[in-house]
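Okay, so here's the structure we're looking at.
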Amino acid sequence: MIQIYETVKKIKRIHDEIRKEEHRFICHAQMIGTTISKVTVNPVFEDRYFDLVMFDEVSMAYVPQVIVAAAAAKEKFMCVGDFRQLAPIAQSEESKGVLQMDMFKYLGIINGNGDMFYHPWLVMLNEQRRMHPDISAFVNRYVYKNLLKDYKDE
């Protein structure tokens, strides 16, 4: 039992050292990539503001998470995502409403049926590089109305 206690103490000490190094790196970094969960729970991000905050996979984010990220931006905030992909996952009945709503629905860019409406902030990225053309042909035809192009490696 004493050996387990000593091991736990050692792990805690190592974890504290890692946290201090992480804090030092974050304070001196010119660019930081992290998760929204880390931003909301790690005190190193309190009262820190950035020239640009970019939120990727925004279709899966809850509106409050996006607001937290946007609050860290000094000047520019950019959301990247696809309203045709997964929305936030909320499992309890109490989470109805804003916690099941993605930013696209919240801003009125899409309605409850998934129909899209023009918004001046939208820019469609129309070139894909992830899927084989045979796969993207299906997605392009049935999801993106033939607006998606495959990257041609030249």
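Placing a pseudo-label 7 Å from each Cα along the Cα-to-Cβ vector at residue 116 and residue 15 gives an inter-label distance of 4.4 nm. Here are several values of volume of the Cα convex hull per residue in Å³: (1) 227; (2) 113; (3) 127. Which one was derived from the coordinates shown? Matching entry in (1) 227; (2) 113; (3) 127: (1). For the range 38-154, a simple Cβ point-charge model (Lys and Arg +1, Asp and Glu -1, everything else neutral) yields a dipole of about 200 debye relative to the Cα centre.
Every helix of 4 or more DSSP H residues in the chain counts as -39500 (n - 2.57), and over all residues that averages to -11000 deg cm²/dmol at 222 nm. Starting from the Cα of residue 145, draw a straight line to each of the aspartates and glutamates and keep only those under 15 Å, dropping any in the same chain fewer than 8 residues away. Candidates past the 8-residue exclusion: 82, 115, 127. Placing a pseudo-label 7 Å from each Cα along the Cα-to-Cβ vector at residue 138 and residue 75 gives an inter-label distance of 4.5 nm.
Looking at the chain, the DSSP beta bridges with both ends there are about 10 percent antiparallel. With a threshold of 24 Å on the Cα-Cα distance, the over-threshold entries among 74/149; 105/152; 12/74; 38/74; 12/38 are 74/149; 105/152; 12/74.
Return the carbon/sulfur percentage of the accessible area of the range 40-120, one whole number, probe 1.4 Å, all protein chains in place. Ligands and nucleic acids excluded, carbon and sulfur reach 56 percent. On the beta carbon distance between residue 82 and residue 31, with R0 = 30 Å, the FRET formula returns roughly 0.80.
The values are calculated or read from the model by the stated rules, or taken from the named source; none is laboratory data. None of the values given here were measured: they were computed from a predicted structure. FYI the Cβ positions are ideal-geometry reconstructions off the backbone, even for glycines, and counts take in every protein chain you see. The protein model used for the area step is the full one, side chains on, heavy atoms only, and it has no ligands, DNA or RNA in it. Shrake-Rupley method; radii C 1.70, N 1.55, O 1.52, S 1.80 Å.
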